[in-house]
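J.: One structure coming up, written as structure tokens, with questions to follow.
The values are calculated or read from the model by the stated rules, or taken from the named source; none is laboratory data. The structure displayed is predicted, hence computed values, not measured ones. As a convention, Cβ positions derive from the backbone with ideal geometry for all residues, glycine included, and neighbour counts pool all protein chains shown. The accessibility values were calculated without ligands, DNA or RNA, using every heavy atom of the protein model including side chains. Shrake-Rupley method; radii C 1.70, N 1.55, O 1.52, S 1.80 Å.
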Amino acid sequence: MLFLNHAFLFCDMIAFLAGFSYKLQLVKDGRYGVKKDDKWNGLVGEVVNRQVDLAAAALTVTPLRAEDVEFTVPFYETGTAFLIKRPYMEYIRPWLWLLKPFTAGVWLVSLVAWLVVWIVMIVINKCSPYEWERKYKRGIAGKSQAKYYSAPNSYFSVSSMLFWQGYEHGPASTSGRLLIIGWFIFVACLAVSYTAGLTSSLIAEEKAVGSDSWFDVRGLGQKKVPFGTVKGGSTEAFFKNSKIPLHAELWREMDDQKTFASSIDDGVNRIRTDDSNYVFIGEREPLMWEAMHAPCDLLVIDPKLQNINYGLAVQKKPRANSS
């Protein structure tokens, strides 16, 4: 019997309330129930053929099944969902996330700009008559002031501004001040761009399509993708009998391209092995079950196409002869 844990729970509750014992057995073919050549297989078939008294599973209530078995009041409501292969996400080491906002070219230009500003600041300090070192040589500045923009201190000044840390002393010359102002503007623009890029990278959510609409799923990967569902199942019947043109069109595509699956396991296998971005359509709960288990490479999208009720199926009582 499918969804064995649920079956135990339901049967235990009913047996306790009604005061009877029961024997639990698995459905022989592993199917829920498909009618072919006027005969049922799966859970529904075993109930119809009186091999079991009750089918306790996530069995979808459909008009066709209700013709041959009786359903209890629905115990769960779900819907139709899409199952696709989870988009590939490249693994990035944690510290590399800090480099992700900029390309290698931008990082290289920033490094070169930092080196150039540092070297130019050293040259200005050595050559400008208005800078601290030349002032010291003329006797109008102290020895400690002469070292304000030595090579090590120029490095510290330029680097501290790059990391938004202030430097205590500013240049004395106009050329030095203009260089520092230009460097500050460059660093400010760089910081704003970096912060925006890093924030976008950290809060971006993995999403396979733009929304939960099947219109967007059809455009997955910029090409028309094949859809499929279990042949003869309740989901196929929904699309086949739907009066909505888009649903009917989707069923015709599945029928023309022969993209039906023989079971949920077959559909999952096609998603993992098919290079055409195969999309499997089914009931949300079984698909969620598949997506939550290893290797965790599947993604469920809920477009809210229809509401589905699960019920317990029992043998239909024969109608009394009115004569």
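J.: Please go through region 241-285 and give me each residue that is assigned to a loop (DSSP other than H, G, I, E, B), charged (D, E, K, R) and more than 26 Å from the chain's Cα centre (by Cα), ordered by number.
T.: Matches in region 241-285: 243, 258.
J.: Can you tell which of 50, 31, 86 is open to solvent by 70 Å² or more (accessible area, probe 1.4 Å), within 25 Å of residue 270 (Cβ to Cβ), basic (Lys, Arg) and touching a residue at least 12 places away in the same chain (Cβ under 8 Å)?
T.: 86
J.: Still on this structure, I have one more. Identify the single condition in (1) open to solvent by less than 50 Å² (accessible area, probe 1.4 Å); (2) within 17 Å of residue 312 (Cα to Cα) that residue 77 does not satisfy, given that it satisfies every other one.
T.: Only one criterion in (1) open to solvent by less than 50 Å² (accessible area, probe 1.4 Å); (2) within 17 Å of residue 312 (Cα to Cα) is unmet by residue 77, namely (1).
J.: Of all residues in region 220-271, how many are open to solvent by less than 50 Å² (accessible area, probe 1.4 Å), out of contact with any strand residue (DSSP E or B) (no Cβ under 7 Å at 6 or more places or on another chain) and of a type in the set (D, E, K, R)?
T.: 2
J.: With the condition kept exactly as written, say whether any residue in region 158-168 is charged (D, E, K, R) and part of a helix (DSSP H, G or I).
T.: no
J.: Within region 105-115, is even one residue more than 27 Å from residue 199 (Cβ to Cβ), open to solvent by 50 Å² or more (accessible area, probe 1.4 Å) and part of a helix (DSSP H, G or I)?
T.: The answer is yes; a qualifying residue exists.
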